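Chemist: Okay, here's the structure, questions in a sec.
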Amino acid sequence: MSRLPRRLLLAAMLASWCGCDYFRPAQPEAPSAQQTFVADYSDPDSTLVTIARSIEDKGVTIGGVAYGNSFADSIAAGLPFGYHQFFDPIDAAAWSSTSLRNPPIWDYNQEQTFYRSFVRLRNDRYVCTWAKDPPNPDNIGANDATIHRHYLIVSQTNDGTRTSYLAIGYADLHMIRFSDGAWRIVVWNDRRDPGADPSDQQQQTLGMQRLTAP
């Protein structure tokens, strides 16, 4: 029996190797379901957009860090005060009537803990939107701003079908431009939306979500 030419012998050996994938096209990797976003604090509304993207990110990529950097941390900022949130009086009274205690003093650390629990309330994707509050004009200076916004946070299926309200209300925000150029929230005065359906327990403010967070 004559010997096979060397090149044919090598081809036969390669073809006989079990599980060989040398001649198969590589399988493309599935695209990531969550793309990292770029945090932006260059002006007050950019900070609000960053908050919205952080909530929609649900802590999968940089959401937790980006959210935290949107609020004034007195330790990091070197200020005698940090972020503080005030509750709508109706929300505060409703919560106190069931808990039999006054609402907590809501600061930076509590806000970071709240983010981690809030983004896990539902498995569906979150959508957060901000809108201006026309009756209340903004007052924006070079390093200090007071702005008024309506917020709406809902959960949706991938095809855009709303599955739940998560928060609806108004925020009167005092913001400061820090030495690093970033605008951060120092004070959040939460207000109920009079257009929300009072019979729908899902249509509550972020303030009430904060108070009832696990």
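Chemist: Would you point out which residue out of SER179, SER199 is more than 19 Å from SER42 (Cα to Cα) and surrounded by fewer than 17 Cβ atoms within 10 Å (Cβ to Cβ)?
Modeler: Residue meeting the stated conditions: SER199.
Chemist: Mind telling me which of the residues ALA92, ALA66, ALA52 ends up being over 18 Å from the mean Cα position of the chain (by Cα), of a type in the set (A, V, I, L, M), modelled with pLDDT of 95 or more and not in a loop (DSSP other than H, G, I, E, B)?
Modeler: Matching residue, one of ALA92, ALA66, ALA52: ALA92.
Chemist: Looking at VAL186, VAL154, which one is within 19 Å of the chain's Cα centre (by Cα) and either surrounded by fewer than 17 Cβ atoms within 10 Å (Cβ to Cβ) or closer than 18 Å to TYR41 by Cα (or both)?
Modeler: VAL186
Yes/no matrix, rows are residues, columns are (1) free of Cβ contacts under 8 Å to residues at least 40 places away in the same chain; (2) of a type in the set (Asp, Glu); (3) touching a strand residue (DSSP E or B) at 6+ places or on another chain (Cβ under 6 Å):
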| residue | (1), (2), (3) |
| --- | --- |
| TYR83 | no, no, yes |
| ALA93 | yes, no, no |
| LEU100 | yes, no, no |
| TYR170 | yes, no, yes |
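Chemist: Is there a residue being in a loop (DSSP other than H, G, I, E, B), touching a helix residue (DSSP H, G or I) at 6+ places or on another chain (Cβ under 8 Å) and either modelled with pLDDT under 50 or over 30 Å from TYR165 (Cβ atoms) (or both) anywhere in the range 15-27?
Modeler: yes
Chemist: Six or more apart or on different chains, Cβ atoms under 6 Å: show the pairs whose first residue is in the range 124-142 and under 11 Å from PRO44 (Cβ atoms) and whose second is outside any loop (DSSP other than H, G, I, E, B) and of a type in the set (Ser, Thr, Tyr).
Modeler: Final answer for the pair search is TRP130/TYR151; ASN139/THR146.
Chemist: May I ask you to say which residue of GLY160, GLY195, GLY169 is under 17 Å from ASP88 (Cα atoms) and in a loop (DSSP other than H, G, I, E, B)?
Modeler: After ruling out the rest, the residue left standing is GLY195.
Chemist: Based on what the data block shows, is THR129 closer than 16 Å to TYR67 by Cα, in a strand (DSSP E or B) and polar (S, T, N, Q)?
Modeler: yes
Chemist: Of the conditions (1) within 20 Å of HIS84 (Cβ to Cβ); (2) surrounded by fewer than 18 Cβ atoms within 10 Å (Cβ to Cβ); (3) of a type in the set (A, V, I, L, M), ALA171 clears all except one; give me its number.
Modeler: (2) is the only condition that ALA171 fails.
Chemist: Next up: Assigned to a helix (DSSP H, G or I) and modelled with pLDDT of 95 or more, is that true of SER117?
Modeler: Yes.
The values are calculated or read from the model by the stated rules, or taken from the named source; none is laboratory data. Everything numeric in this text was worked out from a predicted model, so none of it was measured. Here the Cβ is made from the backbone with ideal geometry for all residues, glycine too, and neighbour counts use every protein chain on show.
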